[in-house]
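The block underneath contains the structure these notes are about, expressed in C-alpha cells.
The numbers here are math on the coordinates, done by the rules we state, and not lab data. This is a predicted model, so every value here is computed, not measured. Ideal geometry is used to build each Cβ from the backbone, glycine not excepted, and the neighbour counts take in all protein chains shown.
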Amino acid sequence: MAKISDWAGTWQAQLPDLYIAHYALDYIAPGFASRQAWLADRRQRLVEPEYIKLRLLDFELVSLTEAEAVARFTLTYERPGYADETQKELVFSNRGGLWLISAENNLQVTPL
C-alpha cells in the first residue's frame, strides 16, 4: 500500500519524472503504440491541469509472490472540469529489489 500511496502522491503533486519512475522501463500503457508516446501523454496530463486531487480507497492485495504483486483499489480523480472514480488494478514486478508497475488496468471507470 505504501508503494501505491507514493505513486499517487507523485501524480497528485504533478511531478512527472517521479511519477514515471514508479513504472518498469518496459511498461507500455494499453492504447499507446510506444513507451515514448505514453511518456509524452503522461507528462502533459500531469503538468497541464491547475490541480489534481486523488483519493485512494478499498485496497485489496490480490496476490503476492517474490516476483510479483497485484493490488486492486478505488481511485477518485479530480481536476478542473473533470472527475471520475476508477476501479484500478496495478501489477508490480520485483526488478532487482525494486517493485515497479509492470501493468495498470482500469477495471471500471465512472465519470462523476
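Give me a count of the residues in region 57-85 that are surrounded by fewer than 16 Cβ atoms within 10 Å (Cβ to Cβ) and in contact with a strand residue (DSSP E or B) (Cβ under 6 Å, 6 or more places away or on another chain).
So the answer is 12.
Determine which member of the set 103, 67, 71 is under 18 Å from residue 3 (Cα atoms) and in contact with a helix residue (DSSP H, G or I) (Cβ under 9 Å, 6 or more places away or on another chain). Steps first, please.
Working: 103 fails: in contact with a helix residue (DSSP H, G or I) (Cβ under 9 Å, 6 or more places away or on another chain); 67 fails: in contact with a helix residue (DSSP H, G or I) (Cβ under 9 Å, 6 or more places away or on another chain).
Just a single option satisfies the conditions, and that option is 71.
Of the residues that sit in region 87-112 and are surrounded by fewer than 16 Cβ atoms within 10 Å (Cβ to Cβ) and of a type in the set (S, T, N, Q), which one is farthest from residue 46 (Cα to Cα)?
Ranking the candidates gives 94 first.
Go through region 62-84 residue by residue and tally those that are free of Cβ contacts under 8 Å to residues at least 60 places away in the same chain and either within 30 Å of residue 95 (Cα to Cα) or within 12 Å of the chain's Cα centre (by Cα) (or both). Reasoning before the result, please.
Going through region 62-84, the residues free of Cβ contacts under 8 Å to residues at least 60 places away in the same chain turn out to be 62-70, 72, 74, 76-84.
Add one more test, that the residue is either within 30 Å of residue 95 (Cα to Cα) or within 12 Å of the chain's Cα centre (by Cα) (or both), and what stays is 62-70, 72, 74, 76-77.
Qualifying residue count for the region: 13.
Identify all residues within region 18-59 that are closer than 23 Å to residue 5 by Cβ, in contact with a helix residue (DSSP H, G or I) (Cβ under 9 Å, 6 or more places away or on another chain) and part of a loop (DSSP other than H, G, I, E, B); write none if there are none.
Passing the criteria: 21, 22, 25, 27, 29, 51, 52.
On the given criteria, is residue 8 surrounded by 12 or more Cβ atoms within 10 Å (Cβ to Cβ) and part of a helix (DSSP H, G or I)?
Judged against the criteria, residue 8 is a match.
Only residues that are in a strand (DSSP E or B), farther than 20 Å from residue 13 by Cβ and not acidic (Asp, Glu): list them for region 78-98, please. It would help to see each step written out before you state the result.
In the first step, residues of region 78-98 are kept if they are in a strand (DSSP E or B); the result is 78-79, 82-95, 98.
Adding the requirement that they be farther than 20 Å from residue 13 by Cβ leaves 85, 87, 89, 91-95, 98.
Of everything in region 78-98, those that are in a strand (DSSP E or B), farther than 20 Å from residue 13 by Cβ and not acidic (Asp, Glu) turn out to be 87, 91, 92, 93, 94, 95, 98.
Going by the structure shown, is residue 59 within 13 Å of the chain's Cα centre (by Cα) and either touching a residue at least 40 places away in the same chain (Cβ under 8 Å) or farther than 20 Å from residue 20 by Cβ (or both)? Spell out the reasoning first.
Details: within 13 Å of the chain's Cα centre (by Cα): no; either touching a residue at least 40 places away in the same chain (Cβ under 8 Å) or farther than 20 Å from residue 20 by Cβ (or both): yes.
For residue 59, the condition - within 13 Å of the chain's Cα centre (by Cα) and either touching a residue at least 40 places away in the same chain (Cβ under 8 Å) or farther than 20 Å from residue 20 by Cβ (or both) - is not met.
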